[in-house]
Amino acid sequence: MLEHGTSDGPRIDPVPLPNHVGAVTTADALGHEDALAAHYRRILDVAPPRERWRRDRARFARFDVDLVIGIAGEHPLQIDMFGGTVLAATELLGQLADPAPPDDILYDNLDQGWALRMTAVAEEVFTLEWDWERPLDEDTPRALRFPRPLLAAQARDALRRLEHVHGALVRTVGTDLWMPPRRQ
């Protein structure tokens with residue numbers, strides 16, 4: 001949100017909540033919505049003047065909302081929504097929350113040094129994560145299988161938490177910085 005060419009911006013203390021894979025989870029934010037909202041208000045306080053910020057950067061000034069699947073004994077699976085907003089996360093969580101969807105690819109994305117495909121079949125969800133830029137003999141792909149009913153229940157809980165935390169943030173901050181801007 002700073003002017004192009006600006007060097008280091010003003011220091012903003014990290015949010016006083018647990019940090020997982022570079023983010024605060026909705027599970028950790030429950031009951032601490034005011035602290036999270038205060039953090040975002042501090043960020044807005046150092047942004048350029050409102051009118052100029054809105055005119056020049058509004059279409060880019062959004063906070064990411066990604067999905068994280070915790071896996072006991074393993075590194076969590078982070079699902080980057082790429083320009084991720086509440087809308088994108090809600091759509092994917094809605095698909096994951098459906099206990100009996102048609103067989104389909106739910107997510108298929110590839111970026112610099114990272115790729116993830118998520119496929120749903122009758123009773124399971126499969127993910128394959130790899131670094132498509134590495135030579136095959138250097139890459140260590142990770143394939144995971146999740147029981148569909150268990151993942152669906154967890155996705156429904158995550159969706160409820162996301163809706164609650166997002167609503168609380170919008171009400172408290174006074175603007176929605178987690179949804180894509182409306183086209184003018």
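The numbers here are math on the coordinates, done by the rules we state, and not lab data. Since the structure is predicted, the reported quantities are computational estimates derived from the model, not experimental observations. Here the Cβ positions follow ideal geometry from the backbone for every residue, glycine too, while neighbour counts run over all protein chains shown.
Distance between the pseudo-spin-label points of ASP34 and ARG134 (7 Å out from Cα toward the beta carbon): 4.6 nm. Multiplying the residue separation of ARG142 and LEU17 by 0.36 nm and subtracting their alpha-carbon distance yields 42.1 nm. Given their separation in residues at 0.36 nm each and the Cα-Cα distance between them, ASP108 and ARG42 gain 20.3 nm when the chain is fully extended.
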